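One structure below.
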Amino acid sequence: MLICRIFPQKVSLNTSISSIPGDKSISHRAFILGGLCENSSRFSHILESEDCLNTCKIMQQLGVSITKENGQYVVEGRGLRGLQSPGTGITLDVGNSGTSIRLLTGLLAAQSFESVISGDISIQGRPMKRIIDPLTGMGARISGQSRPDSEDIFPPLRIQPVDSLNDIDYALPMASAQVKSAVLLAGLYTDHVSIDEPEHSRDHTERLLQYYGAAINSYGKRVTLQNMESLKNPNPEQVLRVPGDISSALFFIALSVLAKKTFVELTGIGDNQTRNAALDCITRMRGRIRKNRASDTWEPTINVEVQSSELFNTQLSGDVIPNIIDEIPILSILGLSAKGTMKVRDAEELRVKESDRISSIVRLIEAMGCSITEYVDGFDLEGGQDIQPFYYDSGGDHRMAMSAIIGALAAGVEATVENCDCIATSFPNFFDILKELGLSFEVIEQ
Ligand code: S3P
């Protein structure tokens, strides 16, 4: 197990960070949708984290050739009907990745071969009824595991072969890009699907489908997909650069806002409007952030300048929540040093992430010697509390481990964060960047 020890220090930064890794959500979709095209696609700056490499490996097991040439991933699509069985007795292994299991189950649900898909202990505790309900509504045949303490269904999932799937008009009970994408992937094998979301969730699947020529449309919170014979890359020679992951960048944006006398520029960060609300939240908290447009291609990209700031708390609730769902752990660290009270509501989805993230945040804030009030769907956090030296076990949740480390660095306190191996699932060069910034810490194997 990896343990990170952070030493007391005063952090002041004046630098540019160009090594924020590629966006996790987009990298998964590049492997999956690229594999369904009639022709090939080239992607650069793909996130080479455990989660995305598991999706890559599973697409390869389904017969898609994915190779790396000069740092670029070349995905040779096999067409919508070209996937092959991974072989009998094989369990497709997503590791820790909820995005992989939910999206790939949508794809596998439409295939004419049987498959079994599962992952690590954490994945075996993640709810799958949310995808099984709409997919079985389309005629898919999926079975999973039940538990005495829950009405939900859990991996491993067994997906039986089908000849065809039915159209569906589905109202999502929760805003979830993973569920929406599972239905869209299965929907590629129907005449028509429409999906209504209670709030907008990230739209990376829709964007890449559109780029590949799918008849996909979004009107307000409704997405429709019409039948098409094939997906095709309009320009196979063009290299599609995956933008830097804004969720990963947020850890260094938060550190830069909290550190003293700091000016940091982060370059090549994704600015998809279904993902960028955390930057607006920090601006609303009077964080000094400036966005400069870098490129406006399939996924818009910005450079972000950040200066040390005195923060004021705000309420995070309602339709902004799906947009900032992965950033709430690190935003809570900002809330702790801001003036006033940070109120988070409508965020019950946090309870079914890599960990129950509301409990994990409460445990972290309390480990830091501070107080927080927990609600079913969020928390109240009084700002202006001093972080004390602390010990924290991430419980295997990558975003909690990184939030704890950034919190300790920003406060300049000594801390020990256990269970840091999980950071590699989304941010393999996290510690390298901390080192480049000259910060004082050590990572030990125990
Ligand atoms: C993701 C969607 C979100 C997010 C996850 C990645 C995706 O989950 O929390 O980290 O790539 O589609 P939900 O769709 O379950 O909210």
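The values are calculated or read from the model by the stated rules, or taken from the named source; none is laboratory data. This structure is a prediction, so every number in the text was calculated from the model and none was measured. Cβ atoms come from the backbone with ideal geometry, glycine included; neighbour counts cover every protein chain shown. Calculation scope for accessible area: heavy atoms of the full protein, side chains included, ligands and nucleic acids excluded. Shrake-Rupley method; radii C 1.70, N 1.55, O 1.52, S 1.80 Å.
What nm value, rounded to one decimal, do you get for the distance between S440 and K221 when each label is placed 7 Å out toward the C-beta?
5.0 nm
Relative to the longest principal axis of the C-alpha atoms of the chain, give the angle of the C-alpha long axis of helix 328-337, reported between 0 and 90° and rounded to the nearest 10°.
Tilt of helix 328-337: around 10 degrees.
Please give me the summed charge of the neighbours of S164: other residues whose Cβ is under 15 Å from its Cβ, Lys and Arg +1, Asp and Glu -1.
Net local charge, S164 excluded: -2.
What is region 281-350 by shape, rounded, prolate or oblate, if you read a ≥ b ≥ c off the alpha carbon gyration tensor as root eigenvalues and call it rounded for a/c under 1.5, prolate for a/b larger than b/c, and oblate otherwise?
Oblate, since a/c reaches 1.5 and b/c is not below a/b.
Report, in listed order, any pair from K10/K339; K261/K343; K68/K260 with a Cα-Cα distance greater than 32 Å.
Among K10/K339; K261/K343; K68/K260, the Cα-Cα distance tops 32 Å for K68/K260.
Determine the sum of side-chain charges near A277: Lys and Arg each +1, Asp and Glu each -1, restricted to other residues whose C-beta is under 13 angstrom from that of A277.
It works out to a net charge of -2.
Please compute, for the alpha-carbon atoms of the chain, the extent along each of the three principal axes and give them in descending order in Å.
62, 52, 45
Based on the inverse mean of 1/r over its pairs of different Cα atoms, what is the Kirkwood hydrodynamic radius of region 24-239, in Å?
17.1 Å
Using only protein heavy atoms and a 1.4 Å probe, report how much of E237 is accessible, in Å² to the nearest 10.
Near enough 140 Å² of accessible area.
Determine the calculated [θ] at 222 nm for the chain from helices alone, applying -39500 (n - 2.57) to every DSSP H run no shorter than 4 residues and normalising by the residue count; nearest 500 deg cm²/dmol.
-8500 deg cm²/dmol
If I histogram all Cα-Cα distances within region 83-179 using bins 5 Å wide from 0, what percent of pairs lands in each bin?
All Cα pairs considered, the percentages come to 3, 14, 25, 26, 20, 9, 3, 0.
In the chain, what % of DSSP beta bridges are antiparallel (nearest 5)?
Antiparallel: roughly 70 percent of the beta bridges in the chain.
Computing the accessible area with a 1.4 Å probe over protein heavy atoms, can you report the carbon and sulfur percentage for region 24-239?
Ligands and nucleic acids excluded, carbon and sulfur reach 43 percent.
In the full protein assembly as shown, how much of H192 is accessible to a 1.4 Å probe, in Å² to the nearest 10?
Surface accessible to solvent at H192 totals approximately 60 Å².
Separation between the R141 and D319 pseudo-spin-labels, each 7 Å from Cα along Cα→Cβ, expressed in nm?
Here the answer is 4.2 nm between the modelled labels.
Which distance in Å, rounded to a whole number, links the C-alpha centroids of region 338-368 and region 17-81?
Cα centroid of region 338-368 versus Cα centroid of region 17-81: 33 Å apart.
For region 24-239, what is the percent of antiparallel DSSP beta bridges, rounded to the nearest 5?
Restricted to region 24-239, the bridges split so that about 75 percent are antiparallel.
How much accessible area does R141 have with a 1.4 Å probe, in Å² rounded to the nearest 10?
120 Å²
Kirkwood Rh, region 174-305, all Cα pairs: how many Å?
Result for region 174-305 stands at 16.6 Å.
Which value, in Å², gives the accessible area per residue of the chain when a 1.4 Å probe is used on the protein heavy atoms?
37 Å²
Separation of region 106-169 and region 201-246 by C-alpha centroid, Å?
The two parts, judged by their Cα centres, are 24 Å apart.
What number comes out for the charge environment of E265, summing +1 per Lys or Arg and -1 per Asp or Glu over other residues with Cβ under 12 Å away?
+1
Once a ≥ b ≥ c are taken as the square roots of the eigenvalues of the Cα gyration tensor of region 308-418, is the result rounded (a/c under 1.5), prolate (a/b larger than b/c) or oblate (a/b not larger than b/c)?
oblate
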